[in-house]
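Novice: Take a look at the following structure, please.
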Amino acid sequence: MDVAFISHFEGDERVFEYVDCAPDGPLRPSQRLAMTEGYCLKVVRGELPECIPDTSKVEAALQIPHTTEIPIGSHLSVPVRLKDGSIYGTLCCFSYLPNPVLGEREMRLMHAFAEVVGLRMEERSAGQRARQSAAREVQDAMAHGAPRIVFQPVYSIAHRAVRSFECLSRFDIEPRRPPDEWFRLADAAGVGLPLELRAIEKALQSLDAFPARCSLSVNCSPSLILSGRLEPVLAAVRVPSRVTLEITEHAIVQDYVALAASLAPLRALGARVAVDDAGAGYASMRHILNLAPDIIKLDMSLTRNIHDDGKRRALAKGLTSFAHEINSLVIAEGVESGDELEMLQRLDVDCAQGYFLSRPLGLQEALAFSATR
């Protein structure tokens, strides 16, 4: 057959979702035609047979303008049904010339294909419903004030003083989920960027309340940076140089040239760039090599028990030496003991954060902490 397609019935139109034909063929994906045009609706209604080896021998087919305009010499069409028995659309194919060998064998194949297509469309529809439900859930959470921002202090190890705060999100609503699950849910539902932007805006609203010597770091995805929606938010900050943008190791980057270009105006405003979770995987090294970050954050899996593990010490030392070679500051995450902190200092790591130093704090606690530490 010369042309094959799956059409979806939508109101009084057919939408061609998948089309297989030559580039100059008569149909294209996303094309819409009235239900009253063509063969599909007439086949579903029983006004045309599902198998037409020669359209010139079927009077009802000859009355359809497309039969001679395209032309359509032979035609096969079967309805695509969902589990509830409703008709999703049709699976069709036709050739420009008659094909007298078409018959029962071909129709068994068409019906088998249509059954598979129906199952796939059912799965897709269920996925779409799940995404819509998740999007509503995230939007409801935002409407109720989520996320709440907490601030974890980052210490200068040498000076034993608070240098900055990492802004983290918390969700105090049902269903209870860890923050990373909320962000994954939002991303899968297509509302990840609005949630990210909301968290960053709420965090930066508190920037002026902190001492001038303290900066705030916010987590952002490459997608948000590439979207261009972050620049006006940073431009509205009185001192953008007090803001650090953390790009996680787990964020997938398809085009580093485009990402670096999108970061350029943010850096021009004064914002700094940090690569988060360094040492957790290969992606962090690609981030470092391609983005030339101002700050490299050592992942907590590298920090944990570093005083007792020579391999961790060797890797941390190597990353720290490399970072200092390219004029990047090094921050160790997840510090949970004095022994870990002491070893990090011996390895020339610049800063540290973790529960040993302080848990994430509410705004007023963080302001009091920054004033006394």
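Novice: What helices in the chain pass both tests, a Cα length along the helix axis of 27 Å or more and a mean Kyte hydropathy of -1.0 or higher, using whole DSSP H runs? Numbers along the way, then the final one.
Specialist: On the way: long enough: 104-143 (57 Å, -0.68).
Answer set is 104-143.
Novice: Hey, how many Å between the Cα centroid of region 255-328 and the Cα centroid of region 188-223?
Specialist: For region 255-328 versus region 188-223, the Cα centre distance is 20 Å.
Novice: With all distinct Cα pairs included, what does the Kirkwood hydrodynamic radius of region 166-296 come out to in Å, to one decimal, could you say?
Specialist: Numbers: mean 1/r = 0.0657 Å⁻¹.
By the Kirkwood definition, the hydrodynamic radius is 15.2 Å.
Novice: Another question about this same structure. Can you say what percent of the DSSP beta bridges in the chain, counting only those with both residues inside, are antiparallel? Round to 5.
Specialist: On the way: 38 of 58 bridges.
Once the DSSP bridges in the chain are tallied, antiparallel ones form about 65 percent.
Novice: Regarding region 327-373, what are the three Cα extents along the principal axes, ordered largest first, in Å?
Specialist: Each principal axis gives a Cα extent; for region 327-373 these are 33, 26, 16 Å.
Novice: Would you please give the FRET efficiency between GLU10 and GLN205, computed as 1/(1 + (r/R0)^6) with r the Cβ-Cβ distance and R0 = 51 Å, to the nearest 0.05?
Specialist: On the way: r = 44 Å, r/R0 = 0.86.
Taking R0 as 51 Å, the efficiency between GLU10 and GLN205 is 0.70.
Novice: What lysines could a cross-link reach from LYS202, if we take a straight Cα to Cα line under 24 Å and drop same-chain neighbours fewer than 8 places away?
Specialist: Leaving aside lysines fewer than 8 places away in the same chain, those within reach of LYS202 are LYS297.
Novice: Hey, how much of the P(r) for the chain falls beyond 25 Å, as a percent of Cα pairs? Could the numbers behind the result be given before it?
Specialist: On the way: 45189 of 69378 pairs.
Percentage above 25 Å: 65.
Novice: Length gain on complete extension for the stretch ALA130 to ARG28, per 0.36 nm per residue less the alpha carbon to alpha carbon distance? Provide the component values of the computation, followed by the final result.
Specialist: On the way: separation 102, 0.36 × 102 = 36.72 nm, distance 2.87 nm.
Working it through step by step, the gained length comes to 33.8 nm.
Novice: How much FRET efficiency would the formula 1/(1 + (r/R0)^6) give for ALA268 and ALA371, where r is the Cβ-Cβ distance and R0 is 30 Å, rounded to 0.05?
Specialist: The computed FRET efficiency comes out at 0.40.
Novice: Quick one: if you stick a label point 7 Å off each Cα along the C-beta vector at SER241 and ILE173, how many nm between them?
Specialist: 3.8
Novice: How much length would be gained if the chain were fully extended between ARG148 and ALA261, taking 0.36 nm per residue of separation minus their Cα-Cα distance, in nm to one decimal? Walk me through the numbers on the way to the answer.
Specialist: On the way: separation 113, 0.36 × 113 = 40.68 nm, distance 3.12 nm.
Gain on stretching ARG148 to ALA261: 37.6 nm.
Novice: Determine, for each peptide in 105-117, 286-298, the mean count of other beta carbons within 10 angstrom over its residues, then list the peptides with the highest first.
Specialist: Working: 105-117: 14.7, 286-298: 21.0.
Per-residue Cβ counts within 10 Å, averaged per peptide and sorted highest first, yield 286-298, 105-117.
Novice: Can you give the FRET efficiency for ASP84 and ASP348, using 1/(1 + (r/R0)^6), R0 = 56 Å, r = Cβ-Cβ distance, to the nearest 0.05?
Specialist: 0.30
Novice: For the chain, what does the helix formula give at 222 nm: sum of -39500 (n - 2.57) over DSSP H segments with n ≥ 4, over the residue count, nearest 500 deg cm²/dmol?
Specialist: -12500 deg cm²/dmol
Novice: If you don't mind, another one. Can you list the lysines whose alpha carbon is less than 21 Å from that of LYS57, not counting same-chain residues fewer than 8 positions off?
Specialist: LYS42
Throughout, read-outs are computed from the coordinates displayed, never taken from laboratory work. This one's a predicted model, so the numbers in the text were calculated from it and none came from an experiment. Cβ: placed from backbone, ideal geometry, glycine included. Neighbour counts: every protein chain shown.
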